[in-house]
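S.K.: One structure is given below, represented as structure tokens, and several questions about it will come after.
The values are calculated or read from the model by the stated rules, or taken from the named source; none is laboratory data. All values derive from a computational prediction rather than experimental measurement. Glycine gets a Cβ as well: all are built from the backbone with ideal geometry, and neighbour counts include every protein chain shown. Heads up: the accessible areas ignore ligands, DNA and RNA and are worked out on the full protein's heavy atoms, side chains in. Shrake-Rupley method; radii C 1.70, N 1.55, O 1.52, S 1.80 Å.
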Amino acid sequence: MKAYFEGYEELARAGWGFAVDTSCHFLRVVFAGVFDAYPRLRIILGHLGEGLPFAMHRLNDHTWRSARAPRAQEDAFAIHPGNLLVTTSGNWYEPAFLCTLLALGADSHPVRDRLAL
């Protein structure tokens with residue numbers, strides 16, 4: 001934390017730090033194979049997915065080799081139907097909403113089925 005935010009403590013709070021921490025924790029769950037072990041588990045991320053919908057293509061291209069889970073090795077978001085749900089949580093920025101809608105779809109089907117990768 002100190003290396004990233006020393007002198008810029010406001011970034012460590014709600015405006016940026018929370019999204020970074022939350023999205024990193026979610027990715028660790030995906031890569032650890034938790035959804036393979038517990039296929040009915042659902043995780044709800046607020047703030048339109050904490051930036052993950054915007055980064056999905058980059059994550060898929062650059063992280064699959066480090067994933068431990070068999071399904072995550074196909075792509076970072078190869079998760080079971082309904083595992084990832086998002087809410088707005090007060091994020092009313094329309095471009096971010098449209099990105100999330102296009103990346104994840106309007107329902108809780110798997111992210112992989114929503115992308116033409």
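S.K.: So, of the residues in the stretch 15-25 that are among the small types (Gly, Ala, Ser) and surrounded by 12 or more Cβ atoms within 10 Å (Cβ to Cβ), which turns out to be farthest from GLY51 (Cα to Cα)?
M.R.: GLY17
S.K.: Among what's in the stretch 35-63 and is over 14 Å from the mean Cα position of the chain (by Cα) and of a type outside the set (Ser, Thr, Tyr), pick the residue that is most open to solvent (accessible area, probe 1.4 Å).
M.R.: Here the residue is ARG40.
S.K.: I need the full set of residues from the stretch 50-81 which are modelled with pLDDT of 90 or more and part of a loop (DSSP other than H, G, I, E, B), in order please.
M.R.: GLU50, GLY51
S.K.: Pairs needed: first member in the stretch 23-40, at negative phi; second member anywhere, assigned to a helix (DSSP H, G or I) and not β-branched (Val, Ile, Thr); C-beta distance under 6 Å; at least 6 residues apart or different chains.
M.R.: Going by the 6 Å Cβ cut-off, the qualifying pairs are SER23/LEU52.
S.K.: Right, next: Kindly indicate the residue of the stretch 82-100 that is assigned to a loop (DSSP other than H, G, I, E, B) and within 15 Å of LEU41 (Cβ to Cβ) and also modelled with the lowest pLDDT among those meeting that condition.
M.R.: Here the residue is GLY82.
S.K.: Identify the single condition in (1) modelled with pLDDT of 90 or more; (2) open to solvent by 70 Å² or more (accessible area, probe 1.4 Å) that ALA12 does not satisfy, given that it satisfies every other one.
M.R.: Every condition holds for ALA12 apart from (2).
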